[in-house]
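Below you'll find the structure, written out as structure tokens, and then a few comments.
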Amino acid sequence: MIAIGHGTQIGEHCLLVAQVGVAGSVTVGHHVTMAGQSGVVGHIRIGDHATIGAKAGVTNNVPEHETVLGAPAIPIRDMRRQIAHVAHLPELSQRIKTLEKEVAELRRQLGERAVEPG
């Protein structure tokens with residue numbers, strides 16, 4: 001099932017897959033693909049040849065020839081960058097903990113030197 005709100009205009013040769021939801025007064029260009037379970041809020045424009053990834057939540061206009069993913073939907077190049085960074089989060093978290101310990105130790109050492117007569 002696909003839900004399309006009132007006043008929505010959908011261009012020629014679009015592909016809307018199962019469980020797509022489009023709120024009212026949306027303008028969808030031509031040759032747009034909207035993958036399964038994606039949703040679009042009202043009163044925005046989806047440009048020609050755009051692709052909306054599965055389960056994406058589109059809250060802003062999508063330019064022509066753009067592919068967006070996620071919720072809220074962002075350009076695929078940004079999503080790929082985020083996914084690459086997420087893979088490194090455990091390592092980065094450990095590095096931060098190590099650096100915090102080193103800073104605390106340096107502060108402790110500096111504090112001891114400041115009170116030593118000398």
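Step by step: first the residues of segment 32-47, then only those that are part of a loop (DSSP other than H, G, I, E, B) and crowded, with 16+ Cβ neighbours inside 10 Å, then the one that is nearest to the chain's Cα centre (by Cα). Which residue is that?
S38
Restricting the search to segment 54-72, which residues are small (G, A, S), within 11 Å of the chain's Cα centre (by Cα) and under 18 Å from L15 (Cα atoms)?
Result: A56, G57.
Would you be able to say whether some residue in segment 100-113 is of a type in the set (V, I, T), surrounded by fewer than 10 Cβ atoms within 10 Å (Cβ to Cβ), in a helix (DSSP H, G or I) and free of Cβ contacts under 8 Å to residues at least 12 places away in the same chain?
The answer is no; no qualifying residue exists.
Anything in segment 1-29 that is within 24 Å of the chain's Cα centre (by Cα) and over 20 Å from K55 (Cβ atoms)? List them, or say none.
Those that are within 24 Å of the chain's Cα centre (by Cα) and over 20 Å from K55 (Cβ atoms): G24, S25, T27, G29.
Among the residues of segment 13-24, is there at least one that is in contact with a helix residue (DSSP H, G or I) (Cβ under 9 Å, 6 or more places away or on another chain) and under 30 Å from I2 (Cβ atoms)?
No, there is no match, as no residue in segment 13-24 is in contact with a helix residue (DSSP H, G or I) (Cβ under 9 Å, 6 or more places away or on another chain) and under 30 Å from I2 (Cβ atoms).
Can you tell me how many residues in segment 1-23 are in contact with a strand residue (DSSP E or B) (Cβ under 9 Å, 6 or more places away or on another chain), in a loop (DSSP other than H, G, I, E, B) and exposed (fewer than 13 other Cβ atoms within 10 Å of the Cβ)?
1
Coordinate-derived values only; no laboratory data. Please read these numbers as outputs of a predicted model, since none were measured by experiment. Virtual Cβ from ideal backbone geometry, glycine too; neighbours counted across all protein chains shown.
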